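Heads up: the structure comes next, in structure tokens.
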Amino acid sequence: MDIRKETAAVLDAVLNLGARAASLTDDSPLLGSIPELDSMAVVAVITSLEEHFGFEVSDDDIDGSTFQTFGSLVGFVSSKLG
Amino acid sequence: MVRIEPRYLDAPGGRLFCLDVMPAGPARGYVFHLPAFAEEMNKSRRMVSLAARALADAGWHVFIVDPLGSGDSEGDFGDASLASWVTDAAWCRQQLPAADLPWVWWGLRSGALLASQASQQAGGDALLLWQPVSAGKLFLTQFLRMRLATESLAGGGAADTKPLRAMLDAGESLEVGGYMLSPAMARELELAELKPAAGLPLCWLEISAREEPELLPASRQRVDALRAAGHDVQASAHNGPMFWQSLEISEVPALVDASVAALASLSLAEAVDGVVA
């Protein structure tokens, strides 16, 4: 499974990123840079990641750095998939 | 021509609003809908109605019953329980004289949990599942998070549902998105799992945002597990928006078509064709 591609697909589905989804790199900033990504959307992304990959995000799993960049989010997903 | 008739059912727990969506001719079987939870149920009414009409067109008698405490049925959401919803669904099945026709439980989202429980309690011939929730525990967490979503996550605060769970554990009801979640309902959700009656065939249909739709990785695992447990599972994904949560009411015609095709291909349907014809 291509975790990077799957994660981009989840972001695209929730945030409707369109072409921006294809151009995401590890360094692409997320929180604060993608206007659609407000607190409601963060919750929706977390929920969609859970349903997509089948893991459960506990309250302690996420901190400020998780949604910093696309790379940090992919790293988070990889760690959840173990 | 599909016939649609509203009526009330005097179920043990209270009066339930029921919409009968029926074929013009004799029915080949019954499909009983178990809806999604709270606001998801409202968002998905249009899709449920579209699919019910299409199924009736294909010869199925579809029941769309608002569970106690929801829609036009009696009672308050905060007093309802998953167990009472399942009991009412089972009661509906027992009211029918023609129990010889096939019976399909059609569950949407967390309604899939109810459908699987109903099949345990009242039998049935197949499950039609739309984007099934397979673990109530995760679903509860996600439901509680909605209450937190309006609070700022700026500064990276996690969506911490622990304080909410503590309130529920202490016996307090919580309002989430305009719905009162009782401690009892929360406990039921926490424990609910997708466990259909042994040997029941399943049609597992879901939505995919991809142009070439495929099952979610998590669903593939779940479907494999159900097959390993002896269920005949037809599973497929269809392109479209997540209509049960999208801001605008949306439609996924491909999901409607797939539902009709899935039920048509059930071997039980073939057996009944002979009887009806």
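Taken together, the values in this text are just the output of simple stated rules run on the coordinates, not laboratory data. Since the structure is predicted, the reported quantities are computational estimates derived from the model, not experimental observations. Backbone-built Cβ (ideal geometry, glycine too); neighbour counts: all protein chains shown.
Side notes on the structure shown:
- Burial ranking of peptide ranges B:57-68, B:127-138, B:174-185 (average Cβ count within 10 Å, highest at the top): B:127-138, B:57-68, B:174-185
- Sequence-ordered 3J(HN,Hα) estimates for region B:11-18 from the Karplus curve with 6.51, -1.76 and 1.60 and θ = phi - 60° stand at 6, x, x, x, 6, 10, 7, 10 Hz, glycine and proline given as x.
- Remark on B:Leu34: its backbone amide H falls under 5 Å from those of B:Trp106, B:Gly107, B:Leu108, a criterion applied only to residues 5 or more positions apart or on other chains, H modelled at 1.01 Å from N.
- Positive end of the dipole of chain B (Cβ unit charges, origin at the Cα centre): among B:Pro163, B:Leu101, B:Gly59, the Cα lying farthest that way belongs to B:Pro163.
- Amide H contacts of B:Ile207 (H built 1.01 Å from N, in plane; Pro and chain starts excluded): B:Gln131, B:His238 sit under 5 Å, all sequence-distant by 5 or more or on other chains.
- By average C-beta atoms within 10 angstrom, highest first, the peptides B:82-95, B:107-120, A:16-29, A:52-65: B:107-120, B:82-95, A:52-65, A:16-29
- Overall form of chain A per C-alpha gyration tensor (a/c, 1.5; a/b vs b/c): rounded
- Take each residue of peptide B:222-234, count the partner chain Cβ atoms within 10 Å of its Cβ, and average: the result is 0.
- Sorting B:Cys203, B:Cys18 by the number of Cβ atoms found within 10 Å of their own Cβ, with the fewest placed first, yields B:Cys18, B:Cys203.
- DSSP assigns beta bridges within the protein assembly as shown; of those with both partners inside it, close to 40 percent run antiparallel.
- Burial ordering of B:Arg187, B:Arg7, fewest other beta-carbon atoms within 10 Å first: B:Arg7, B:Arg187
- From least to most packed, judged by other beta carbons within 10 angstrom and beginning with the fewest, A:Glu36, B:Glu190 follow the order A:Glu36, B:Glu190.
- Size of charge dipole - chain A - debye, nearest 20, with Cβ of Lys, Arg +1 and Asp, Glu -1, no other charges: 320 debye
- Overall form of region B:167-241 per C-alpha gyration tensor (a/c, 1.5; a/b vs b/c): oblate
- Highest-first arrangement of B:259-266, B:247-254, where packing means the average Cβ count within 10 Å: B:259-266, B:247-254
- The phi-based Karplus calculation (6.51 cos²θ - 1.76 cosθ + 1.60; θ = phi - 60°) puts the 3J(HN,Hα) values of region B:187-193 at 5, 4, 4, 3, 9, 6, 9 Hz, whole numbers, x for Gly and Pro.
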